[in-house]
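In what follows, a structure is listed as structure tokens, so that the remarks can point back to it.
The values are calculated or read from the model by the stated rules, or taken from the named source; none is laboratory data. Not measured: the values here are computed from a predicted model. With ideal geometry, Cβ positions are generated from the backbone for all residues, glycine too; neighbour counts draw on all protein chains shown.
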């Protein structure tokens, strides 16, 4: 967790803006401020924040306009909107659009701090969820291969590197080490991933006819080959096991 939480205050009233900034700065938050939606967006493009605390009415635009921008461009960012007393409909609309919480003006110092903390925790949870989702997606692409050890990281890197080529790959390893998983991962990450993946146990095919069964044979190529045996199907990738 970051030692200092970064907050952007968006408030067009200079007195209110200064007061909120002072409260949060004294409470050891890193605070920056903007007086309109346009300035806030420019600052969001240059800096990273954990939480935005925005007033509802900001000149020609509103805090809701800023919220919509944030949800499209930085969806994990914590967002709080401040509304004037009696405008509960604005607060409800903001929550429906994705705000983490709201405060009705006037509010107390402790209310502000608690709401900021809530929005920050929501920011952290969303960021962690995005990270886990990305990791799960990558793991899914590697078709069941697991492990974070340095040696496994090398395996992942080699699979990524080789899968983009048309090279024939020989995967070596003891029984049960995951050779077929590696082969499947190569297939899934290759340009041929939309084609079929065929796993063939060569140990189950007699050596004398294995080549003919896999690749076809001309008539008379071996005893019993009375007709031409065609094997011209196109597959994405074939993995041979038990040589």
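Odds and ends about this structure:
- Any hit, the range 83-93, residues being exposed (fewer than 15 other Cβ atoms within 10 Å of the Cβ), under 23 Å from residue 24 (Cα atoms) and either under 22 Å from the mean Cα position of the chain (by Cα) or in contact (Cβ under 8 Å) with a residue 60 or more places away in the chain (or both): no
- Checking every residue in the range 73-80 against the condition of being free of Cβ contacts under 8 Å to residues at least 40 places away in the same chain, surrounded by fewer than 13 Cβ atoms within 10 Å (Cβ to Cβ) and assigned by TED's automatic domain parsing to the domain that holds residue 19 gives at least one match.
- Options 175, 190; residue that is outside any helix (DSSP H, G or I) and within 27 Å of the chain's Cα centre (by Cα): 190
- Meets criteria (assigned to a loop (DSSP other than H, G, I, E, B), at pLDDT below 75 and either in the same structural domain as residue 166 (by TED's automatic domain parsing) or over 46 Å from the mean Cα position of the chain (by Cα) (or both)) for residue 225: yes
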